[in-house]
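Input: a single structure, listed below in structure tokens.
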Amino acid sequence: MRRRELPGGIAPPSKTELKRQAQAVQDLADRLIEAPAEVVSRLDLSDKLYDAIALARRIRGGGALVRQRQFVAKLMRGLELDPIRSALEAVADTARLDAARFRRAERWRDRLVEGGEAALAEFTAEFSVERVALARLVSAAVSERRRGKPAGAGRKLFRQVQVALAAGD
């Protein structure tokens with residue numbers, strides 16, 4: 001029979017399980033401290049917790065930051081954590097989607113610069129883009145790369161590709 005267990009009753013969580021739960025709350029508190037301010041402001045948190053998070057963001061390091069992080073986790077122990085967790089996951093999902101869009105735009109830009117007419121035809125067929133303007137940007141980006149010049153036209157081409165991808169999504 002475990003400590004504090006009553007005969008016929010439900011066994012209390014083990015010490016290891018209690019430590020796991022405490023670490024999960026601490027990890028969530030750390031993510032909340034690092035989350036953007038607009039996300040935190042949309043959550044229904046107590047004023048004391050808002051203040052503790054704001055203070056933790058201002059502290060730069062050392063033992064004070066460790067204590068403040070632990071204090072934020074302590075304040076969160078009595079709260080319902082699912083809305084906080086889902087809000088932070090939504091932020092992470094948005095960041096992942098933005099990064100994926102950025103990488104896709106980079107790949108298309110590189111294909112347009114290296115692929116020539118075939119890549120240009122494929123891109124204009126897939127996305128509604130003015131072919132002449134895009135071809136002008138592609139040729140300027142290609143000539144910049146050949147001459148080793150700064151990538152001004154390459155950046156313009158990248159922005160144009162990003163706009164086309166956003167309109168296509």
message: Quick test of your reading of the structure: residue 101 fulfils all but one of (1) over 30 Å from residue 164 (Cβ atoms); (2) at pLDDT 90 or above. Name the failing condition by number.
response: (1)
- request: Pairs only if they're at least six apart or on different chains, beta carbon under 8 angstrom, first in the range 71-88 and more than 12 Å from residue 30 (Cα to Cα), second among the basic types (Lys, Arg); list them, first residue then second.
  value: 75/48; 87/42
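Only one residue in 113, 129 is in a loop (DSSP other than H, G, I, E, B), of a type in the set (A, V, I, L, M), in contact (Cβ under 8 Å) with a residue 24 or more places away in the chain and farther than 18 Å from residue 32 by Cβ, so which one is that?
Working: 113 fails: in a loop (DSSP other than H, G, I, E, B).
Exactly one of 113, 129 is in a loop (DSSP other than H, G, I, E, B), of a type in the set (A, V, I, L, M), in contact (Cβ under 8 Å) with a residue 24 or more places away in the chain and farther than 18 Å from residue 32 by Cβ, namely 129.
Any chance the range 5-14 includes a residue that's loosely packed, with under 12 Cβ neighbours inside 10 Å and either touching a Pro at 6+ places or on another chain (Cβ under 8 Å) or closer than 19 Å to residue 85 by Cβ (or both)? If you could, list the steps in order and put the result at the bottom.
Going through the range 5-14, the residues loosely packed, with under 12 Cβ neighbours inside 10 Å turn out to be 5-11, 14.
Then drop every residue that is not either touching a Pro at 6+ places or on another chain (Cβ under 8 Å) or closer than 19 Å to residue 85 by Cβ (or both), which leaves 5.
Within the range 5-14, one or more residues are loosely packed, with under 12 Cβ neighbours inside 10 Å and either touching a Pro at 6+ places or on another chain (Cβ under 8 Å) or closer than 19 Å to residue 85 by Cβ (or both).
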query: Is it true that residue 113 is over 18 Å from the mean Cα position of the chain (by Cα) and modelled with pLDDT of 90 or more?
result: no
- request: Among what's in the range 144-154 and is part of a loop (DSSP other than H, G, I, E, B) and within 31 Å of the chain's Cα centre (by Cα), pick the residue that is surrounded by the fewest Cβ atoms within 10 Å (Cβ to Cβ).
  value: 150
- line: Within the range 74-122, of all residues that are touching a helix residue (DSSP H, G or I) at 6+ places or on another chain (Cβ under 8 Å) and among the basic types (Lys, Arg), the one surrounded by the most Cβ atoms within 10 Å (Cβ to Cβ) is 109
query: Which is touching a residue at least 12 places away in the same chain (Cβ under 8 Å) and farther than 23 Å from residue 102 by Cβ, of 167, 153, 135?
result: 135
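Among the candidates 167, 141, single out the residue that is under 31 Å from the mean Cα position of the chain (by Cα), surrounded by 17 or more Cβ atoms within 10 Å (Cβ to Cβ) and among the hydrophobic types (A, V, I, L, M, F, W, C). Walk me through how you get there before you give the answer.
Numbers: 167 fails: surrounded by 17 or more Cβ atoms within 10 Å (Cβ to Cβ).
Among 167, 141, only 141 is under 31 Å from the mean Cα position of the chain (by Cα), surrounded by 17 or more Cβ atoms within 10 Å (Cβ to Cβ) and among the hydrophobic types (A, V, I, L, M, F, W, C).
I'd like to check which helices (runs of 4 or more DSSP H) are fully inside the range 36-97 and have at least 2 residues that are of a type in the set (Asp, Glu).
Numbers: elements: 37-42, 47-58, 63-76.
Output list reads 47-58.
The values are calculated or read from the model by the stated rules, or taken from the named source; none is laboratory data. Fair warning: this is a prediction, and the values are worked out from it, not measured in the lab. Every residue, glycine among them, receives a Cβ derived from its backbone with ideal geometry; neighbour counts consider all protein chains shown.
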